[in-house]
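*Asks:* One structure follows; several queries about it will come next.
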Protein chains: 2
Amino acid sequence: MAQLRLALAQVNACVGDLVGNSKLIVEWTRKAVDDGASVVAFPEMALTGYPVEDLALRKSFAAASRSALDEVAGQLAAAGCGDVLVVVGYLDHDHKGPRNAAALIHNGAVLGRLAKHHLPNYGVFDEARYFVPGDTLPIVRLHGLDIGVVICEDIWQDGGPVAALGEAGVDLVLCINGSPYERNKDDARGPLVARRAAEAGAPMAYVNLVGGQDELVFDGDSLIAAPSGEILARAPQFVEHLLVHDFDLSPGGYGKTGSVGGFEVSRTVVSETPLAAYEPLPGTVAEPLREEAEVWNALVTGLRDYVRKNNFRSVVFGFSGGIDSAVVAALAADALGGAAVHGVGMPSEYSSEHSRSDAADLARRIGAHFQELPIGRQVEVFVSQLGLTGLAEENIQARCRGMTLMALSNQHGHLVLATGNKTELAVGYSTIYGDAVGGFAPIKDVPKTLVWRLARWRNAEAEKNGEVPPIPENSITKPPSAELRPGQVDSDSLPDYELLDAVLDDYIEGDSGFGDLVAAGFAPELVERVLQLVDRAEYKRRQYPPGTKITFKAFGRDRRLPITNAWREHRA
Amino acid sequence: MAQLRLALAQVNACVGDLVGNSKLIVEWTRKAVDDGASVVAFPEMALTGYPVEDLALRKSFAAASRSALDEVAGQLAAAGCGDVLVVVGYLDHDHKGPRNAAALIHNGAVLGRLAKHHLPNYGVFDEARYFVPGDTLPIVRLHGLDIGVVICEDIWQDGGPVAALGEAGVDLVLCINGSPYERNKDDARGPLVARRAAEAGAPMAYVNLVGGQDELVFDGDSLIAAPSGEILARAPQFVEHLLVHDFDLSPGGYGKTGSVGGFEVSRTVVSETPLAAYEPLPGTVAEPLREEAEVWNALVTGLRDYVRKNNFRSVVFGFSGGIDSAVVAALAADALGGAAVHGVGMPSEYSSEHSRSDAADLARRIGAHFQELPIGRQVEVFVSQLGLTGLAEENIQARCRGMTLMALSNQHGHLVLATGNKTELAVGYSTIYGDAVGGFAPIKDVPKTLVWRLARWRNAEAEKNGEVPPIPENSITKPPSAELRPGQVDSDSLPDYELLDAVLDDYIEGDSGFGDLVAAGFAPELVERVLQLVDRAEYKRRQYPPGTKITFKAFGRDRRLPITNAWREHRA
């Protein structure tokens, strides 16, 4: 038997920050060495951040990534980490093109490189656009154990590198990942990693990125599975974490090299002799978070990293006292602290008194700034000069608010948050250049019914911990209203939110057609009405700046639809 | 020898409009029959429009496309067009997934189907996301001649279906296309089609879509090449056109079927006997347009179809008298007629007198509507209420203009055009939610220096035709200014436009790095300055609604960049 202490470095890399990410890799390897690890694995493209999109096609960036990798190898040796085997994801570029690559570093040098074989090209992934698939599998023998490496999608497709490693023979497989959070994805990861471990006939260690990158959030959830299916270790979600685990394995002493299952297998021996016996650490298996906690943490992580990685320090948004802005305020306070949160009440003649008091109440509870800047005079100038009525008059109110927020952003440097939810955006219950104004929309992927559930959950958590619940009960219970006309409530224009969200989920996430929805038991009139709203919203969306499309990423499928589109599902 | 009259239907399909596109196919086949054609070919996905993006993944849409195809077959027979062989591109979906397909229709039935083999996944194309590649090649014998079909990218890659058709033996190859306009692409198409004709050992007829679809413009440019390399026929660009051509070919009487070069070749005989001899039509070879004419026509086509296909009838935009809005006005008048064009002067205290008179002058020349709506009072309310200074004060002016345009759009139903050019957008010389407001930006892919060239060209064309030149000389010759501060001119903040555009072209279109640009002879200080401007513009772009990225499509490469990105080229 041979012992091995592995460390999975679940870190938060930033796209393009080669210097910062290099530092991160050296620091976390140092920590792993202090914890006695012999092998440290970093996530997919940890050196460049992920996804780099069209930066992958820029040769100067790929060259910088390769240089940074060589420098990291030197820095690791200089930091006294030369003895450990370090696996790092990076962007490579060779004579065939760009590669989503991993390097095996030891003693200041790169021992081997491999490139991702299965390139995902669905949902949020466009890797067929960027990368050339890899077909080499370097295996390194360390302390007598044979270690192979695969990358992310390589385990989500049947066949390919895991099967080839199993055929060639390995004692341990490392899988490095940039696997974005999706609701309930953690339920799929454990069984998948276990299945691939069985396929490889060796334990599999899965290390994932953590943190936000534009429209994606990585949840970490790094884990290790035995070939028997047992989960040996699991990291907590949404935090940087070093998952250290001790193996005691029976070395296979494998020798197969050359062509195996379509891959070119090579072997490098670093050390044949197993380590002297030592007291192993117990395995630590963190529990995945439950539904609302998981979503809340994903939203806080996405917001915090968007603000931080784009060098903002504070946020500003319209604070109406309604449920959407209340939840955004509570998320922002959790992400950045109340002192970085600037709520602005912008009452018009149609704003109710309770809107103003609920917003002020919430600001006090979370320690945020709050000010009132009425929009009446601007609205009056536009309405009278241009003779606005009806929808044009409603929209000018929302737009005067958007302009006020952008002016505060320009003057004081805050990032503007848009407070719209997914349901609203899907049915077009939102004003372009009005309440849609903002650099980041924290709840744009959250359906309205889930917004309410999150509010209740967050308040209950606070009560459990003996804290003041952040969201005033009145914001949760009052009937939702845009307050752009006297006495207006959402239910004037929209179906009941429970029903609406159910239809939208099937239509948008499930890609169901009119017939499927009716067959699923929804009333044809309701389906017709909702599909017309969504179609009309797409029509309104044409007045966005060209190129803008609303995409629904972190919490569901990514839809890329043509702007000009005469197809109407509800007529089918 | 056997004669054959072929018609290539260079038509303007609309995405999603199955009913309208079906009608188009029947009408144009009827025209071809009236012209005596035996074969009619329609472009790639002519039945659904192209590109359908994520509609390809919607099963109800694919099912509707298949039904529409069957209906078209019936309608063709009912319209007395049963005798001709009709080739139509459509969306299919079989047990393996969605297909970019072509059907061969004869006598009211589908004789054969094939799917595109090479799926482009670069630049503006994402077909690896949508389609399963095809590997069947049905060949139909009509009047004794064997006809094969391939689809678009199939001829841009070496090997594959054209080589297989050549090996199996065909007398004529039809290539159906949805090939977007790029500057100078017509220079590449002729030689390419000629080369593939040689490879197939048979003439190749290339039929392309025409018209605008969102950010793409199709230029038509359908053509026919002999295996000798001779261009036998060519259609004019940017107009719907039926290109009719007579062949007199020596039938090969080929019989090879089954597996050929990785494809499954099948053969169907419609008729063995050659047609009785008839007087052939002469070949017509249209000259491709020259540089400025081609660009101008592409812009007019893109604008006209965006407005028309989205059911707008008129456009509105800020009309400052500067070169950008002057060119947009002239384009809009060419696309829609002057009566559908609404220019709005929105002077502030910094607007010069010549701005106002130049705009009014242009409106008179093109027969457009023009009104003045000063923004002074609104600006004053925002500035005094929020204490705005500097950039925040400049931006509020641009934003009051954007709001005015959107209010007019809401009140009167016009589509708002954004008048920014590519240079401005690349360096961030534009206000988000201000002058960037609009549903369509006609010159967003046109560098500033080309805007001037187009203005001079359009005026010269008018003079050549004895018409009033649309653009006042003063708009072309005066120094460009945003007029947001007293005495402000662009050259205060930006390098000379000739130099700036040269660097931007290499950096953005050529993906050159800092080192490449300096090696190309640009001064390092200039390169540093321009790259910093572009980087800073990307930073500003973060304040767009999430998901918005500026892409440069029709006139160059499509760049998809991360929003959060710490990489700075100029530091490399």
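The values are calculated or read from the model by the stated rules, or taken from the named source; none is laboratory data. Bear in mind that the values here come from a model prediction, so they are computed numbers and not experimental data. Positions of Cβ are generated from backbone atoms using ideal geometry, with glycine treated the same way; all protein chains shown enter the neighbour counts. What goes into the accessible areas is simple: the full protein's heavy atoms, side chains included, and nothing from ligands, DNA or RNA. Shrake-Rupley method; radii C 1.70, N 1.55, O 1.52, S 1.80 Å.
*Asks:* Criterion first (of a type in the set (Lys, Arg), buried (at least 21 other Cβ atoms within 10 Å of the Cβ) and either out of contact with any strand residue (DSSP E or B) (no Cβ under 7 Å at 6 or more places or on another chain) or within 14 Å of another protein chain (Cβ to nearest Cβ) (or both)) does B:Lys444 satisfy it?
*Replies:* Working: of a type in the set (Lys, Arg): yes; buried (at least 21 other Cβ atoms within 10 Å of the Cβ): yes; either out of contact with any strand residue (DSSP E or B) (no Cβ under 7 Å at 6 or more places or on another chain) or within 14 Å of another protein chain (Cβ to nearest Cβ) (or both): yes.
Yes: the conditions hold for B:Lys444.
*Asks:* If I go through region A:142-179 residue by residue, how many of them are charged (D, E, K, R), open to solvent by 30 Å² or more (accessible area, probe 1.4 Å) and under 26 Å from A:Val270 (Cα atoms)? Can you show your working first?
*Replies:* Our first condition is that a residue be charged (D, E, K, R); within region A:142-179, this holds for A:146, A:153-154, A:158, A:167, A:171.
Checking which are open to solvent by 30 Å² or more (accessible area, probe 1.4 Å) leaves us with A:158, A:167.
With under 26 Å from A:Val270 (Cα atoms) added as a condition, the list becomes A:167.
Residues in region A:142-179 being charged (D, E, K, R), open to solvent by 30 Å² or more (accessible area, probe 1.4 Å) and under 26 Å from A:Val270 (Cα atoms): 1 in total.
*Asks:* When residues of region B:271-325 are filtered for being free of Cβ contacts under 8 Å to residues at least 60 places away in the same chain and more than 30 Å from B:Ser179 (Cβ to Cβ), how many remain?
*Replies:* Result for region B:271-325: 3.
*Asks:* Kindly indicate whether any position in region B:305-325 is touching a helix residue (DSSP H, G or I) at 6+ places or on another chain (Cβ under 7 Å), within 30 Å of B:Gly190 (Cβ to Cβ) and not in a loop (DSSP other than H, G, I, E, B). Walk me through how you get there before you give the answer.
*Replies:* Step one: of region B:305-325, the residues touching a helix residue (DSSP H, G or I) at 6+ places or on another chain (Cβ under 7 Å) are B:307, B:310, B:313-324.
Pick out the ones that are also within 30 Å of B:Gly190 (Cβ to Cβ) and you get none.
The answer is no; no qualifying residue exists.
*Asks:* Find all pairs meeting these conditions: Cβ atoms under 6 angstrom apart; at least six residues apart or on different chains; first residue within region B:1-23 and under 15 Å from B:Leu242 (Cβ atoms) and within 14 Å of chain A (Cβ to nearest Cβ); second residue open to solvent by 10 Å² or more (accessible area, probe 1.4 Å) and modelled with pLDDT of 95 or more.
*Replies:* Final answer for the pair search is B:Asn12/B:Glu240.
*Asks:* Given the conditions (1) modelled with pLDDT of 95 or more; (2) of a type in the set (D, E, K, R); (3) open to solvent by 30 Å² or more (accessible area, probe 1.4 Å), report the number of the one that B:Asp324 does not fulfil.
*Replies:* (3)
*Asks:* Cβ-Cβ distance below 6 Å, separation of 6 or more or different chains: which pairs start in region A:358-378 with a residue that is within 19 Å of A:Asp324 (Cβ to Cβ) and end on one that is modelled with pLDDT under 95 and outside any loop (DSSP other than H, G, I, E, B)?
*Replies:* So the pair list comes out as A:Asp358/A:Asn474; A:Asp358/A:Ser475; A:Phe370/A:Ala360.
*Asks:* Determine which member of the set A:Val86, A:Val52 is buried (at least 24 other Cβ atoms within 10 Å of the Cβ) and within 14 Å of chain B (Cβ to nearest Cβ). Working first, answer last.
*Replies:* Working: A:Val86 fails: within 14 Å of chain B (Cβ to nearest Cβ).
On inspection, the qualifying residue turns out to be A:Val52.
*Asks:* Another question about this same structure. Any residue in region A:487-498 that's in contact (Cβ under 8 Å) with a residue 40 or more places away in the chain: show its pairings with residues that are part of a helix (DSSP H, G or I) and surrounded by 14 or more Cβ atoms within 10 Å (Cβ to Cβ) at Cβ separation under 7 Å, as long as the two are six or more apart or on different chains.
*Replies:* So the pair list comes out as A:Leu494/A:Val427; A:Leu494/A:Leu500; A:Tyr497/A:Thr423; A:Tyr497/A:Lys448; A:Tyr497/A:Thr449; A:Glu498/A:Thr449.
*Asks:* In addition: Test each condition in (1) modelled with pLDDT under 85; (2) surrounded by fewer than 22 Cβ atoms within 10 Å (Cβ to Cβ) for B:Ala426 and report the one that comes out false.
*Replies:* Here B:Ala426 clears every test but (2).
*Asks:* Among the residues of region B:296-340, count how many are away from chain A (no Cβ under 14 Å), closer than 17 Å to B:Gly212 by Cα and β-branched (Val, Ile, Thr).
*Replies:* Final tally of qualifying residues: 1.
*Asks:* Now, a different point. Could you give me the residue pairs with C-beta distances under 9 Å whose first residue belongs to region B:511-538 and is in contact (Cβ under 8 Å) with a residue 60 or more places away in the chain and part of a helix (DSSP H, G or I), whose second residue is open to solvent by 60 Å² or more (accessible area, probe 1.4 Å) and among the β-branched types (Val, Ile, Thr) wherever it lies, and which are 6+ apart or on separate chains?
*Replies:* none
*Asks:* Further, regarding this structure: Of the numbered conditions (1) more than 12 Å from chain A (Cβ to nearest Cβ); (2) open to solvent by 20 Å² or more (accessible area, probe 1.4 Å); (3) among the charged types (D, E, K, R), B:Lys59 satisfies every one except a single condition; which is it?
*Replies:* Of (1) more than 12 Å from chain A (Cβ to nearest Cβ); (2) open to solvent by 20 Å² or more (accessible area, probe 1.4 Å); (3) among the charged types (D, E, K, R), only one is false for B:Lys59: (1).
*Asks:* Based on what the data block shows, is B:Arg356 among the charged types (D, E, K, R), part of a loop (DSSP other than H, G, I, E, B) and surrounded by fewer than 24 Cβ atoms within 10 Å (Cβ to Cβ)? Walk me through it before giving the result.
*Replies:* On the way: among the charged types (D, E, K, R): yes; part of a loop (DSSP other than H, G, I, E, B): no; surrounded by fewer than 24 Cβ atoms within 10 Å (Cβ to Cβ): yes.
So B:Arg356 does not fit the description; no.
*Asks:* Taking region B:241-265 as the search range and keeping residues that are farther than 21 Å from B:Leu4 by Cβ and in a strand (DSSP E or B), which one is nearest to the chain's Cα centre (by Cα)?
*Replies:* Among those residues, the one meeting the criterion is B:Phe263.
*Asks:* With the condition kept exactly as written, say whether any residue in region A:100-117 is modelled with pLDDT of 95 or more, basic (Lys, Arg) and touching a strand residue (DSSP E or B) at 6+ places or on another chain (Cβ under 8 Å).
*Replies:* Yes, the conditions are met somewhere in region A:100-117.
*Asks:* What's the total number of residues in region A:388-403 that are facing chain B (nearest Cβ under 10 Å) and touching a helix residue (DSSP H, G or I) at 6+ places or on another chain (Cβ under 7 Å)?
*Replies:* Qualifying residue count, region A:388-403: 9.
*Asks:* While we're looking at this one, here's another question. Restricting attention to region A:118-134, report how many residues are outside any loop (DSSP other than H, G, I, E, B) and open to solvent by 40 Å² or more (accessible area, probe 1.4 Å).
*Replies:* 1
*Asks:* Residue by residue through region B:361-381, note down the ones that are of a type outside the set (A, V, I, L, M, F, W, C) and more than 36 Å from the chain's Cα centre (by Cα). Give the steps one after another, and end with the answer.
*Replies:* Kept after step one, since they are of a type outside the set (A, V, I, L, M, F, W, C), are these residues of region B:361-381: B:361, B:364-365, B:367, B:369, B:371-372, B:374, B:376-378, B:380.
Matches in region B:361-381: B:Pro374, B:Gly376, B:Arg377, B:Gln378, B:Glu380.
*Asks:* Let me ask something else. Please specify each residue of region A:470-510 satisfying the condition of being in contact with a helix residue (DSSP H, G or I) (Cβ under 7 Å, 6 or more places away or on another chain), of a type in the set (D, E, K, R), in a helix (DSSP H, G or I) and surrounded by fewer than 17 Cβ atoms within 10 Å (Cβ to Cβ).
*Replies:* A:Glu498, the sole residue that qualifies.
*Asks:* Being acidic (Asp, Glu) and either open to solvent by 50 Å² or more (accessible area, probe 1.4 Å) or touching a Phe, Trp or Tyr at 6+ places or on another chain (Cβ under 9 Å) (or both) narrows it down to one residue among A:Asp305, A:Asp334; which is it? Write out each step before concluding.
*Replies:* Numbers: A:Asp305 fails: either open to solvent by 50 Å² or more (accessible area, probe 1.4 Å) or touching a Phe, Trp or Tyr at 6+ places or on another chain (Cβ under 9 Å) (or both).
Result: A:Asp334 is the single residue among A:Asp305, A:Asp334 that is acidic (Asp, Glu) and either open to solvent by 50 Å² or more (accessible area, probe 1.4 Å) or touching a Phe, Trp or Tyr at 6+ places or on another chain (Cβ under 9 Å) (or both).
*Asks:* Scan region B:387-413 for residues that are open to solvent by 20 Å² or more (accessible area, probe 1.4 Å) and either more than 18 Å from A:Ser409 (Cα to Cα) or free of Cβ contacts under 8 Å to residues at least 60 places away in the same chain (or both) and jot them down.
*Replies:* Pass one, region B:387-413, residues open to solvent by 20 Å² or more (accessible area, probe 1.4 Å): B:387, B:389-391, B:393-394, B:401, B:410-413.
Hits for region B:387-413 are B:Gly387, B:Thr389, B:Gly390, B:Leu391, B:Glu393, B:Arg401, B:Asn410, B:Gln411, B:His412, B:Gly413.
*Asks:* When B:Asp516 is evaluated against the numbered criteria (1) acidic (Asp, Glu); (2) within 17 Å of B:Ser325 (Cβ to Cβ); (3) within 12 Å of another protein chain (Cβ to nearest Cβ), which criterion, by number, is the only one it fails?
*Replies:* With respect to (1) acidic (Asp, Glu); (2) within 17 Å of B:Ser325 (Cβ to Cβ); (3) within 12 Å of another protein chain (Cβ to nearest Cβ), B:Asp516 is out only on (2).
*Asks:* Among the listed residues A:Ser475, A:Ser481, which satisfies the condition of being touching a Gly at 6+ places or on another chain (Cβ under 9 Å), over 30 Å from A:Asp126 (Cβ atoms), more than 14 Å from chain B (Cβ to nearest Cβ) and at pLDDT 85 or above?
*Replies:* A:Ser475
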